[in-house]
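Asks: Mind having a look at this structure? Questions to follow.
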Amino acid sequence: MRKLLKEKVTVDFIKTSFGNILEWYDFAIYGLFAVQISSNFFPSNSKFLSLLMVFLTFAVGFVARPFGSIIFGQIGDKLGKHYAVNLSIWCMAIPTSIIGFLPSYHVIGIFAPILLVLLRICQGISAGGQFSGLITIAVDSKSSNKQFLVSLIYAISVVGGFCASFIGLITVTVVNHFSDGADFITSLSWRIPFILSGVFFLIYLKLKPDFSKHGEASANSFKLITIFKQQPHEMISVSLLSATTNTIYYILFTYLITYLQIHLQFSKSEAFTVMNIILFISIFMYIFFGYYAGKSNYRLKIAQVTSLIIGLGTLLLPFSPLHFWVGMIGLLVMVTAFCATIAYTTSLFAEIFDKKYRMTACSVGFSIGVTISGFSPLMAEILSRISIFGLPCFIVFICFIMLFSLRMIKQTDGYKLANV
């Protein structure tokens, strides 16, 4: 693994992926501070209704992603993938910083949630091309282990989530210590992490990201409908796999902190601590499984097994109030199995498509699935209100759909690797 990390293509890819830290930091802080945002932008006599409105606004950003995938996918295939990926970072960082300064409902009334929704749409459009663009760059690279590069994308994205959770823990602790009950002082616990996004953006600019255009427009001339006509089966299977894997991702790394506080009676500090632990562990799990995924000839078969283990692990989570470590063991099993599933499957999002329109196809298929998964925190909260076992049952259901999507990919014409 050390030799692989020293490869020039790996070093260059890590530098290119730095923007992914910023991208997922920005997306993570919204979910991590859902409870606080609900009281500032969607005040209501019902905390449940306010929280649902926050998660609905969270989902709005995902509805915008397919539009971003078309825009940045075409830019990537025709003007250069690095250019498209780095351009999308600007569209994510600026709206995120603005959210930190956005006046609350008590100050500007209905305009507060309206502006929040508009900024979430801008975030969603930018996210539509960034992550899938990196997947395509990894698959098209000359690396000796492309699955390892793809796993690095997730590891780097979790670094962004970890930074959000760690900074969130610090700001919550410090603000609570000095807060005198004033609304403005209390709101700093969530506003500061949003504003700090601007600092990360400046660091990103210091790295001088690649904005060169490759002039591939004439060679890669195609219409969007061509992808759906030539590879419809691949598009459906990739969209399903994206929907299921990202549903688990957003439940684990976005909704879980709300679930721990609201339904398992964890304190805010305890919930952030648990989040930091699983985020930190997952960084190394992605890299570990990614390294071995590139050496395996049975990636889909292994992924099918690990997807079942995800469901088994989540069944232990509701028992946390009875015995803390039973729930935490279930959570660790779930996180480990999920990291393995991601490592063995994510490169497929680009691999099974024709290279001529690979970034656009990967971006559109990935974003269709992510759009569906954007509603997962909303669904998870509704089901958790119905029963403490609502969330585990939902995840088990998603795991079975994931199994189905993996079987579909195995049957696609575009996927030619042997022994899968």
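Asks: Has segment 122-134 got at least one residue that is without any contact (Cβ under 8 Å) to a residue 12 or more places away in the chain and either farther than 29 Å from ILE185 by Cα or of a type outside the set (A, V, I, L, M, F, W, C) (or both)? Outline the logic, then answer.
Replies: First, the residues of segment 122-134 that are without any contact (Cβ under 8 Å) to a residue 12 or more places away in the chain: none.
No; the residues of segment 122-134 include none that is without any contact (Cβ under 8 Å) to a residue 12 or more places away in the chain and either farther than 29 Å from ILE185 by Cα or of a type outside the set (A, V, I, L, M, F, W, C) (or both).
Asks: What residue, of THR360, THR341, THR247, THR345, is surrounded by 21 or more Cβ atoms within 10 Å (Cβ to Cβ), in contact with an Asp or Glu (Cβ under 6 Å, 6 or more places away or on another chain) and under 29 Å from ASP26 (Cα atoms)?
Replies: Working: THR341 fails: in contact with an Asp or Glu (Cβ under 6 Å, 6 or more places away or on another chain); THR247 fails: in contact with an Asp or Glu (Cβ under 6 Å, 6 or more places away or on another chain); THR345 fails: in contact with an Asp or Glu (Cβ under 6 Å, 6 or more places away or on another chain).
Answer to the selection: THR360.
Asks: Quick one: how many residues across segment 16-42 are within 19 Å of the chain's Cα centre (by Cα) and either among the charged types (D, E, K, R) or within 18 Å of LEU260 (Cβ to Cβ) (or both)? First the steps, then the outcome.
Replies: Initial filter on segment 16-42 (within 19 Å of the chain's Cα centre (by Cα)): 16-34.
Now drop any that are not either among the charged types (D, E, K, R) or within 18 Å of LEU260 (Cβ to Cβ) (or both), which leaves 23, 26, 28-34.
Final tally of qualifying residues: 9.
Asks: Can I ask one more? Only one residue in LYS78, LYS47 is charged (D, E, K, R) and within 30 Å of HIS263 (Cα to Cα), so which one is that?
Replies: Within the list LYS78, LYS47, the selection yields LYS47.
Asks: Please tell me if THR16 is modelled with pLDDT under 80, β-branched (Val, Ile, Thr) and under 22 Å from PHE366 (Cβ atoms).
Replies: Details: modelled with pLDDT under 80: yes; β-branched (Val, Ile, Thr): yes; under 22 Å from PHE366 (Cβ atoms): yes.
Answer is yes for this residue.
Asks: Also, quick follow-up: It is to be established whether one or more residues within segment 29-49 are touching a helix residue (DSSP H, G or I) at 6+ places or on another chain (Cβ under 6 Å), over 24 Å from ALA271 (Cβ atoms) and either among the polar types (S, T, N, Q) or in a helix (DSSP H, G or I) (or both).
Replies: No, segment 29-49 contains no residue that is touching a helix residue (DSSP H, G or I) at 6+ places or on another chain (Cβ under 6 Å), over 24 Å from ALA271 (Cβ atoms) and either among the polar types (S, T, N, Q) or in a helix (DSSP H, G or I) (or both).
Asks: If you don't mind, another one. Within segment 116-136, identify whether any single residue is aromatic (Phe, Trp, Tyr), within 24 Å of TYR357 (Cα to Cα), buried (at least 24 other Cβ atoms within 10 Å of the Cβ) and under 16 Å from the mean Cα position of the chain (by Cα), and answer yes or no. Step through it out loud before you land on a result.
Replies: To start, the set of residues in segment 116-136 that are aromatic (Phe, Trp, Tyr) comprises 131.
After this cut, where a residue has to be within 24 Å of TYR357 (Cα to Cα) as well, the list is 131.
Checking the rest, the ones that are also buried (at least 24 other Cβ atoms within 10 Å of the Cβ) come to 131.
Okay, now just the ones that are also under 16 Å from the mean Cα position of the chain (by Cα), so 131.
So far as segment 116-136 goes, yes, one or more of its residues are aromatic (Phe, Trp, Tyr), within 24 Å of TYR357 (Cα to Cα), buried (at least 24 other Cβ atoms within 10 Å of the Cβ) and under 16 Å from the mean Cα position of the chain (by Cα).
Asks: Here is a follow-up. Taking the residues in segment 23-45 that are of a type in the set (A, V, I, L, M) and surrounded by 21 or more Cβ atoms within 10 Å (Cβ to Cβ) as candidates, determine which candidate is nearest to SER187 (Cα to Cα).
Replies: Of everything passing the filter in segment 23-45, ILE37 is nearest to SER187 (Cα to Cα).
Asks: Can you tell me which residue in segment 49-71 is nearest to the chain's Cα centre (by Cα), limited to those that are farther than 19 Å from SER104 by Cα and among the aromatic types (Phe, Trp, Tyr)?
Replies: Only one residue fits best here, namely PHE62.
Asks: Condition check: touching a residue at least 12 places away in the same chain (Cβ under 8 Å) and either in contact with a Ser or Thr (Cβ under 8 Å, 6 or more places away or on another chain) or part of a helix (DSSP H, G or I) (or both). Does PHE280 satisfy that? Let's see the steps before the verdict.
Replies: Working: touching a residue at least 12 places away in the same chain (Cβ under 8 Å): yes; either in contact with a Ser or Thr (Cβ under 8 Å, 6 or more places away or on another chain) or part of a helix (DSSP H, G or I) (or both): yes.
So PHE280 fits the description; yes.
Asks: Please tell me if SER141 is more than 30 Å from PHE288 (Cα to Cα) and either surrounded by fewer than 24 Cβ atoms within 10 Å (Cβ to Cβ) or hydrophobic (A, V, I, L, M, F, W, C) (or both).
Replies: Details: more than 30 Å from PHE288 (Cα to Cα): no; either surrounded by fewer than 24 Cβ atoms within 10 Å (Cβ to Cβ) or hydrophobic (A, V, I, L, M, F, W, C) (or both): yes.
Spelling it out, it is not the case that SER141 is more than 30 Å from PHE288 (Cα to Cα) and either surrounded by fewer than 24 Cβ atoms within 10 Å (Cβ to Cβ) or hydrophobic (A, V, I, L, M, F, W, C) (or both).
Asks: Moving on. Going residue by residue through segment 16-27, is there one that turns out to be in contact (Cβ under 8 Å) with a residue 40 or more places away in the chain, within 20 Å of ALA112 (Cα to Cα) and not charged (D, E, K, R)? Write out each step before concluding.
Replies: Taking segment 16-27 and keeping what is in contact (Cβ under 8 Å) with a residue 40 or more places away in the chain, we get 16-27.
Checking which are within 20 Å of ALA112 (Cα to Cα) leaves us with 26-27.
This time we only want the ones that are not charged (D, E, K, R), so: 27.
Yes, segment 16-27 has at least one match.
The values are calculated or read from the model by the stated rules, or taken from the named source; none is laboratory data. Not measured: the values here are computed from a predicted model. All Cβ positions, glycine included, derive from the backbone under ideal geometry; neighbour counts span all protein chains shown.
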